[in-house]
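Visitor: I'd like to ask you about the structure that follows.
The values are calculated or read from the model by the stated rules, or taken from the named source; none is laboratory data. Quick caveat: nothing in here was measured; it's all calculated off a predicted structure. Cβ sites come from the backbone with ideal geometry, for glycine too, and all protein chains shown count toward neighbours.
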Amino acid sequence: MAGSFVRREIFAVILWLSGNLIAGCKNPGAHGKTIPFDHLVDLTYTLTPEFPYIPVHKLTFPFSMTPIATMAKNGVAANSWHIHEHLGTHIDAPNHFALNGISVDQIKPEDLIVPVVVIDMIQKASRDKDAELTMEDIKRFEDKYGRIPEHSCVMMLSGWEKFVKTPAYLGLDSQGIKHFPGFSPAAADFLVKERDIAGIGVDVISFDPGKDSAYSTHKLLLRQGKWGIENIANLSKIPITGATIIVGASKIGGATGGIARIFAVW
(Lines give C-alpha, C1' and ligand atoms only; values in the text may rest on other atoms or scores of the structure.)
Protein backbone atom coordinates (compact mmCIF):
# COMPACT_ATOMS: atom_id res chain seq x y z
CA MET A 1 0.00 0.00 0.00
CA ALA A 2 2.81 2.41 0.90
CA GLY A 3 4.49 1.78 -2.45
CA SER A 4 1.23 2.37 -4.28
CA PHE A 5 0.74 5.65 -2.38
CA VAL A 6 4.25 6.83 -3.27
CA ARG A 7 3.70 5.98 -6.93
CA ARG A 8 0.44 7.94 -6.96
CA GLU A 9 2.19 10.94 -5.37
CA ILE A 10 5.03 10.84 -7.91
CA PHE A 11 2.54 10.58 -10.77
CA ALA A 12 0.64 13.61 -9.42
CA VAL A 13 3.86 15.64 -9.25
CA ILE A 14 4.72 14.69 -12.84
CA LEU A 15 1.28 15.79 -14.02
CA TRP A 16 1.63 19.10 -12.17
CA LEU A 17 5.07 19.79 -13.65
CA SER A 18 3.89 18.89 -17.17
CA GLY A 19 0.92 21.24 -16.88
CA ASN A 20 3.11 24.12 -15.78
CA LEU A 21 5.67 23.49 -18.53
CA ILE A 22 2.90 23.50 -21.15
CA ALA A 23 1.46 26.69 -19.68
CA GLY A 24 4.91 28.27 -19.82
CA CYS A 25 5.26 27.41 -23.49
CA LYS A 26 1.85 28.93 -24.27
CA ASN A 27 2.82 32.08 -22.36
CA PRO A 28 6.58 32.53 -22.81
CA GLY A 29 6.49 35.66 -20.68
CA ALA A 30 5.02 33.87 -17.68
CA HIS A 31 8.32 33.96 -15.80
CA GLY A 32 9.43 37.34 -17.11
CA LYS A 33 12.41 35.86 -18.98
CA THR A 34 11.27 36.27 -22.59
CA ILE A 35 9.23 38.66 -24.73
CA PRO A 36 5.75 37.21 -25.28
CA PHE A 37 4.54 37.64 -28.87
CA ASP A 38 2.06 36.25 -31.36
CA HIS A 39 3.67 37.68 -34.51
CA LEU A 40 7.26 37.87 -35.74
CA VAL A 41 8.54 39.53 -38.93
CA ASP A 42 12.13 39.42 -40.15
CA LEU A 43 13.05 42.93 -41.33
CA THR A 44 16.41 41.83 -42.77
CA TYR A 45 17.49 41.40 -46.37
CA THR A 46 19.75 38.50 -47.30
CA LEU A 47 23.11 40.04 -48.17
CA THR A 48 24.49 38.86 -51.51
CA PRO A 49 27.02 40.29 -53.99
CA GLU A 50 24.11 41.73 -55.99
CA PHE A 51 22.72 43.81 -53.12
CA PRO A 52 22.88 47.56 -53.93
CA TYR A 53 25.31 49.86 -52.16
CA ILE A 54 26.15 53.56 -52.27
CA PRO A 55 29.08 53.94 -54.69
CA VAL A 56 31.90 56.08 -53.33
CA HIS A 57 34.96 56.16 -55.60
CA LYS A 58 37.84 54.04 -54.26
CA LEU A 59 36.04 53.46 -50.95
CA THR A 60 32.91 51.32 -51.18
CA PHE A 61 32.44 47.98 -52.92
CA PRO A 62 29.91 45.14 -53.12
CA PHE A 63 29.84 42.24 -50.69
CA SER A 64 31.66 39.07 -51.69
CA MET A 65 32.24 35.69 -50.07
CA THR A 66 35.01 33.18 -50.84
CA PRO A 67 35.39 29.61 -49.53
CA ILE A 68 38.51 29.08 -47.40
CA ALA A 69 37.66 25.47 -46.54
CA THR A 70 35.30 22.91 -48.08
CA MET A 71 33.79 19.67 -46.87
CA ALA A 72 35.35 17.79 -49.80
CA LYS A 73 38.88 19.07 -49.19
CA ASN A 74 38.99 19.91 -45.48
CA GLY A 75 36.08 18.08 -43.88
CA VAL A 76 34.71 21.44 -42.75
CA ALA A 77 33.14 24.38 -44.57
CA ALA A 78 34.10 28.03 -43.96
CA ASN A 79 34.14 31.28 -45.91
CA SER A 80 35.92 34.61 -45.83
CA TRP A 81 33.93 37.78 -46.36
CA HIS A 82 34.93 40.96 -48.16
CA ILE A 83 32.64 43.52 -46.60
CA HIS A 84 32.43 47.06 -45.29
CA GLU A 85 30.27 48.12 -42.37
CA HIS A 86 27.46 49.79 -44.31
CA LEU A 87 26.15 47.06 -46.58
CA GLY A 88 22.77 45.38 -46.63
CA THR A 89 20.40 45.72 -43.67
CA HIS A 90 22.66 47.45 -41.19
CA ILE A 91 22.97 49.86 -38.27
CA ASP A 92 24.85 53.15 -38.15
CA ALA A 93 26.47 53.92 -34.79
CA PRO A 94 27.08 57.48 -33.54
CA ASN A 95 30.82 57.32 -34.34
CA HIS A 96 29.96 56.97 -38.04
CA PHE A 97 29.63 60.78 -38.14
CA ALA A 98 30.54 61.93 -34.61
CA LEU A 99 34.21 62.25 -33.66
CA ASN A 100 33.64 61.18 -30.05
CA GLY A 101 30.51 59.13 -30.66
CA ILE A 102 30.10 55.62 -29.29
CA SER A 103 30.84 52.65 -31.52
CA VAL A 104 28.32 49.95 -32.34
CA ASP A 105 29.59 47.59 -29.62
CA GLN A 106 29.02 50.34 -27.03
CA ILE A 107 25.32 50.78 -27.78
CA LYS A 108 23.44 49.51 -24.72
CA PRO A 109 21.40 46.32 -25.30
CA GLU A 110 18.32 48.00 -23.84
CA ASP A 111 18.61 50.66 -26.56
CA LEU A 112 18.35 47.97 -29.26
CA ILE A 113 15.07 46.39 -28.08
CA VAL A 114 12.51 49.20 -28.23
CA PRO A 115 8.97 50.05 -29.35
CA VAL A 116 8.66 50.78 -33.06
CA VAL A 117 6.26 53.10 -34.88
CA VAL A 118 5.88 53.31 -38.65
CA ILE A 119 5.13 56.56 -40.49
CA ASP A 120 3.60 55.74 -43.88
CA MET A 121 5.08 57.85 -46.69
CA ILE A 122 4.11 55.60 -49.59
CA GLN A 123 1.72 58.00 -51.32
CA LYS A 124 3.99 60.99 -50.77
CA ALA A 125 7.04 59.11 -52.12
CA SER A 126 5.10 57.82 -55.13
CA ARG A 127 4.52 61.46 -56.16
CA ASP A 128 8.06 62.64 -55.41
CA LYS A 129 11.09 60.36 -55.30
CA ASP A 130 12.94 63.08 -53.34
CA ALA A 131 10.21 63.24 -50.68
CA GLU A 132 11.21 64.00 -47.10
CA LEU A 133 9.58 62.92 -43.86
CA THR A 134 8.85 66.30 -42.32
CA MET A 135 7.44 67.86 -39.15
CA GLU A 136 4.03 67.95 -40.85
CA ASP A 137 4.16 64.16 -41.37
CA ILE A 138 5.00 63.65 -37.69
CA LYS A 139 2.13 65.93 -36.63
CA ARG A 140 -0.36 64.08 -38.81
CA PHE A 141 0.89 60.77 -37.43
CA GLU A 142 0.53 61.89 -33.81
CA ASP A 143 -2.91 63.41 -34.45
CA LYS A 144 -4.08 59.99 -35.62
CA TYR A 145 -2.05 57.54 -33.50
CA GLY A 146 -0.97 59.50 -30.45
CA ARG A 147 2.35 60.78 -29.21
CA ILE A 148 5.47 58.93 -30.38
CA PRO A 149 6.80 57.04 -27.33
CA GLU A 150 10.11 57.93 -25.74
CA HIS A 151 12.94 55.44 -26.37
CA SER A 152 11.28 54.16 -29.53
CA CYS A 153 12.41 53.58 -33.11
CA VAL A 154 10.64 55.68 -35.73
CA MET A 155 10.48 53.96 -39.12
CA MET A 156 9.80 55.61 -42.46
CA LEU A 157 7.79 53.42 -44.84
CA SER A 158 8.28 54.68 -48.40
CA GLY A 159 7.43 51.53 -50.36
CA TRP A 160 10.93 51.57 -51.85
CA GLU A 161 11.33 47.84 -51.23
CA LYS A 162 9.74 47.19 -54.61
CA PHE A 163 12.79 48.80 -56.25
CA VAL A 164 15.51 46.92 -54.33
CA LYS A 165 16.55 44.81 -57.31
CA THR A 166 16.43 47.71 -59.77
CA PRO A 167 18.48 50.88 -60.44
CA ALA A 168 15.56 52.93 -59.04
CA TYR A 169 16.54 51.85 -55.51
CA LEU A 170 19.44 54.33 -55.65
CA GLY A 171 17.91 56.48 -58.37
CA LEU A 172 21.26 57.68 -59.72
CA ASP A 173 20.85 60.31 -62.42
CA SER A 174 23.30 61.33 -65.15
CA GLN A 175 25.13 63.63 -62.70
CA GLY A 176 25.53 60.82 -60.17
CA ILE A 177 22.98 62.33 -57.77
CA LYS A 178 20.84 59.82 -55.84
CA HIS A 179 17.06 60.09 -55.65
CA PHE A 180 15.08 58.35 -52.91
CA PRO A 181 13.09 59.51 -49.85
CA GLY A 182 14.46 60.13 -46.37
CA PHE A 183 14.11 61.98 -43.06
CA SER A 184 14.45 65.75 -43.11
CA PRO A 185 17.01 67.12 -40.63
CA ALA A 186 14.28 69.12 -38.86
CA ALA A 187 12.15 65.99 -38.33
CA ALA A 188 15.11 64.02 -36.98
CA ASP A 189 16.06 66.89 -34.67
CA PHE A 190 12.52 67.08 -33.30
CA LEU A 191 12.39 63.32 -32.70
CA VAL A 192 15.68 63.42 -30.79
CA LYS A 193 15.04 66.55 -28.72
CA GLU A 194 11.27 66.45 -28.18
CA ARG A 195 10.53 62.72 -28.24
CA ASP A 196 13.87 61.30 -27.01
CA ILE A 197 13.79 58.41 -29.46
CA ALA A 198 16.32 55.58 -29.51
CA GLY A 199 16.82 55.66 -33.27
CA ILE A 200 15.26 55.77 -36.72
CA GLY A 201 14.94 53.33 -39.59
CA VAL A 202 14.14 53.37 -43.30
CA ASP A 203 13.24 51.01 -46.14
CA VAL A 204 15.70 52.82 -48.41
CA ILE A 205 19.50 52.69 -48.64
CA SER A 206 20.08 55.78 -46.47
CA PHE A 207 17.96 57.71 -44.00
CA ASP A 208 19.11 60.97 -45.60
CA PRO A 209 17.13 61.89 -48.73
CA GLY A 210 19.21 60.63 -51.64
CA LYS A 211 19.89 64.07 -53.09
CA ASP A 212 21.56 65.23 -49.85
CA SER A 213 25.22 64.39 -50.48
CA ALA A 214 26.19 66.24 -47.27
CA TYR A 215 24.39 63.59 -45.14
CA SER A 216 22.80 66.32 -42.99
CA THR A 217 20.38 63.99 -41.18
CA HIS A 218 23.15 61.48 -40.46
CA LYS A 219 25.25 64.17 -38.86
CA LEU A 220 22.40 65.61 -36.82
CA LEU A 221 21.10 62.25 -35.56
CA LEU A 222 24.37 60.46 -34.86
CA ARG A 223 26.06 63.43 -33.23
CA GLN A 224 23.26 63.39 -30.66
CA GLY A 225 24.06 59.80 -29.72
CA LYS A 226 21.23 58.05 -31.57
CA TRP A 227 21.43 55.22 -34.09
CA GLY A 228 19.92 54.62 -37.52
CA ILE A 229 19.10 51.47 -39.47
CA GLU A 230 18.92 51.26 -43.26
CA ASN A 231 17.69 48.83 -45.92
CA ILE A 232 14.80 47.53 -43.82
CA ALA A 233 12.80 44.75 -45.48
CA ASN A 234 9.14 43.78 -44.98
CA LEU A 235 8.30 47.03 -43.23
CA SER A 236 4.74 47.05 -44.60
CA LYS A 237 4.10 43.76 -42.78
CA ILE A 238 4.30 45.20 -39.26
CA PRO A 239 1.67 47.35 -37.50
CA ILE A 240 1.84 51.15 -37.41
CA THR A 241 2.10 51.01 -33.61
CA GLY A 242 2.28 48.28 -30.99
CA ALA A 243 5.31 46.28 -32.13
CA THR A 244 8.76 45.92 -30.59
CA ILE A 245 11.92 45.98 -32.71
CA ILE A 246 14.93 43.80 -31.89
CA VAL A 247 18.14 45.03 -33.51
CA GLY A 248 20.76 42.28 -33.49
CA ALA A 249 23.71 44.56 -34.14
CA SER A 250 27.18 43.16 -34.77
CA LYS A 251 29.34 43.59 -31.64
CA ILE A 252 32.68 44.57 -33.16
CA GLY A 253 34.96 46.83 -31.16
CA GLY A 254 35.24 50.34 -32.55
CA ALA A 255 32.94 49.65 -35.51
CA THR A 256 30.93 52.52 -37.00
CA GLY A 257 28.09 50.14 -37.80
CA GLY A 258 27.57 46.75 -39.31
CA ILE A 259 25.20 44.18 -40.72
CA ALA A 260 22.34 43.35 -38.36
CA ARG A 261 19.55 40.79 -38.11
CA ILE A 262 16.46 42.78 -37.22
CA PHE A 263 13.06 41.50 -36.09
CA ALA A 264 9.70 43.00 -35.15
CA VAL A 265 7.44 41.19 -32.68
CA TRP A 266 3.98 41.95 -31.31
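Visitor: Which residue, of 120, 130, 143, is under 20 Å from residue 234 (Cβ atoms), modelled with pLDDT of 95 or more and among the charged types (D, E, K, R)? Quick ask: steps written out before the conclusion?
Guide: Details: 130 fails: under 20 Å from residue 234 (Cβ atoms); 143 fails: under 20 Å from residue 234 (Cβ atoms).
Just one listed residue meets the conditions, 120.
Visitor: Go through the residues of the range 193-211 one by one and say whether even a single one is aliphatic (A, V, I, L, M), farther than 27 Å from residue 50 by Cβ and modelled with pLDDT of 95 or more.
Guide: Applying the first criterion (aliphatic (A, V, I, L, M)) to the range 193-211 yields 197-198, 200, 202, 204-205.
Next, from what is left, pick out any that are farther than 27 Å from residue 50 by Cβ: 197-198.
Applying the additional criterion that residues be modelled with pLDDT of 95 or more yields 197-198.
Among the residues of the range 193-211, at least one is aliphatic (A, V, I, L, M), farther than 27 Å from residue 50 by Cβ and modelled with pLDDT of 95 or more, which makes the answer yes.
Visitor: Looking only at strands (runs of 3 or more DSSP E) that fall completely inside the range 127-233, which ones have 1 or more residues that are closer than 19 Å to residue 107 by Cβ and touching a Cys at 6+ places or on another chain (Cβ under 9 Å)?
Guide: Details: elements: 153-157, 199-202, 227-230.
So the answer is 199-202, 227-230.
Visitor: Now for a separate question. Which one of 256, 217, 241 is crowded, with 22+ Cβ neighbours inside 10 Å and hydroxyl-bearing (Ser, Thr, Tyr)? Lay out the reasoning, then the answer.
Guide: Values: 256 fails: crowded, with 22+ Cβ neighbours inside 10 Å; 241 fails: crowded, with 22+ Cβ neighbours inside 10 Å.
Unique residue meeting the criteria: 217.
Visitor: Scan the range 223-238 residue by residue and report those that are within 14 Å of residue 266 (Cβ to Cβ) and either crowded, with 18+ Cβ neighbours inside 10 Å or β-branched (Val, Ile, Thr) (or both). Give the derivation first.
Guide: Residues of the range 223-238 within 14 Å of residue 266 (Cβ to Cβ): 234-235, 237-238.
Residues satisfying the conditions are 235, 238.
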